Amino acid sequence: MKLTRALPLATLAAAVAAACQAQAQTEITVATVNNNDMVIMQSLTEEFETQHPDIELDWVVLEENVLRQRLTTDVATGGGQFDVMTIGTYEVPIWAERGWLTPLDDLPADYAVDDLLQSVRDGLSHGDTLHALPFYGESSMMYYRQDLFDEAGIEIPEQPSWEEVRDWAGQLHDPDNEVAGICLRGKPGWGENMAFVSTLVNTFGGRWFDEAWNPELDSPAWQETIGFYVELLGNYGPPGASSNGFNENLALFSRGNCAMWVDATSAAGKLYDPDESDVADRLGFAPAPVAETPKGSHWLWSWALAIPASSEKQEAAETFITWATSREYVELVGETEGWTSVPPGTRESTYANENYQQAAPFADFVLEAIRDADPTDSTLEPNPYVGVQFVGIPEFQSIGTQVGQTIASALTGDVSVEQALQTAQRATERTMQRAGYLD
């Protein structure tokens, strides 16, 4: 008979305690996008797990287009792969209406729901109930190299126009020194190139649909807009512009390779951080440019954390999302990463914080842009939808992705602008007919 030596009592007790803790620990899977603010959130895993030793975080970090595909498939099928999903202002009301998201109607009092910016809170609600908590919020703005503008003697007006932007890009384009006149999104995707292009269409006087849901992608306004966009990026953009989304352009501008960039206000903190940006000390900013109308010239978006109804770990998931979107989390990031790195655009208290105000000269500007964006009145002519840089209907995800691909094809020169928009028009008409919007 084989004899087993008895463990000392203290060792046995420790082993039992460790086993109990492991057994009691809940692992939640968090799916998120590979943007800078989310990378910081992931880096603070140990901080969360120290505060909540009964919860372990398992991260799935994906590129934006891939994330959206994975999450949409999982939530629509009730797959249950994820306990926390990073989704946005587009998905939340649509998915909530279908019962795919857990209502967040019983949050702890110290979470301070009333501290959330009203426009952001409204965008993440369905039936006056929050179904996601905002991790960061954003509008759009123009960034520019102040040193290049000063050297050229260019003064930025209070409200730039796209015609002026084209002229400045032509003056400042310097490919021999690896400086593009302007950087803009070209990577296809409804949340990539079409987020920017939609605002461009808006301010040129166009819209996605008329009041009877007829697509208007081959209209004169769209023809003028896309022609302008293709010419602008083709003449003065960086090489390979059709492959550049938010992250790629952020890297280019941070290295000094762009004279101008029109994109999300959430990039401001990274660009003003001298540890992250080579242009932090020569950075200027202005409102997103306008053309025929200021309506819909800058977007409204929030990346938010939601709990799919299919998750079997609802309590642990809610513990995490309330922590990651709380006032305390903002303070934690400010103290550990620097105040320009805190998630912007979600809480009134962030903009009242003196530390943030001192570190972020853009703070009030960004807050005003977020408050001014109106998803219910985003086009010159009336439209039947809610949304600035998207159309708040379930079909838009596929429509926007397909149109984004045709626009990218025009940008690369594979097809003409006219051909791209005719293709986009026909495809969108078919989708809207199948969905029952059109007779």
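The values are calculated or read from the model by the stated rules, or taken from the named source; none is laboratory data. Predicted, not measured: the structure shown is a model, and the values here were computed from it. Heads up, the Cβs are rebuilt from the backbone with ideal geometry, glycines too, and the neighbour counts pull from every protein chain shown.
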| From the options L200, L130, L184, residue that is assigned by TED's automatic domain parsing to the domain that holds V39 and either within 27 Å of Q422 (Cβ to Cβ) or without any contact (Cβ under 8 Å) to a residue 60 or more places away in the chain (or both) | L130
| query | Which condition does K270 not pass, out of (1) in contact with a Lys or Arg (Cβ under 9 Å, 6 or more places away or on another chain); (2) under 30 Å from S378 (Cα atoms); (3) modelled with pLDDT under 95, if it passes all the others? | reply | (1)
| message | Just the residues that are of a type in the set (S, T, N, Q), crowded, with 17+ Cβ neighbours inside 10 Å and not in a helix (DSSP H, G or I), please, taken from the range 209-254. | response | S219, N244
| task | Within the range 163-178, identify whether any single residue is assigned to a strand (DSSP E or B), assigned by TED's automatic domain parsing to the domain that holds A288 and either in contact with a Cys (Cβ under 9 Å, 6 or more places away or on another chain) or small (G, A, S) (or both), and answer yes or no. | result | no
| remark: By residue number, the members of the range 325-352 that are farther than 17 Å from D275 by Cα, surrounded by fewer than 20 Cβ atoms within 10 Å (Cβ to Cβ) and not hydroxyl-bearing (S, T, Y) are R327, E328, E331, L332, E348, A352
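Among the residues in the range 366-376, are any part of a helix (DSSP H, G or I) and of a type in the set (S, T, Y)?
For the range 366-376, residues part of a helix (DSSP H, G or I) and of a type in the set (S, T, Y): absent.
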| remark: Result of the Cβ filter at 9 Å on the range 103-122, keeping first residues that are at positive phi and partners that are at pLDDT 95 or above, at least 6 apart or interchain, is A112/S326; A112/R327; A112/R347; A112/S349
| task | Name the one entry in I307, I370, I393 that is β-branched (V, I, T), at pLDDT below 95 and either under 19 Å from the mean Cα position of the chain (by Cα) or within 21 Å of S219 (Cβ to Cβ) (or both). | result | I370
| field | Inter-residue pairs, beta-carbon under 6 Å, first more than 21 Å from N383 (Cβ to Cβ) and in the range 413-439, second among the hydroxyl-bearing types (S, T, Y), 6+ apart | value | V415/S409; A420/T406; A420/S409; T423/T406
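Taking G88 as the residue in question, decide whether it is crowded, with 19+ Cβ neighbours inside 10 Å, touching a Ser or Thr at 6+ places or on another chain (Cβ under 7 Å) and more than 29 Å from T336 (Cα to Cα).
Answer is no for this residue.
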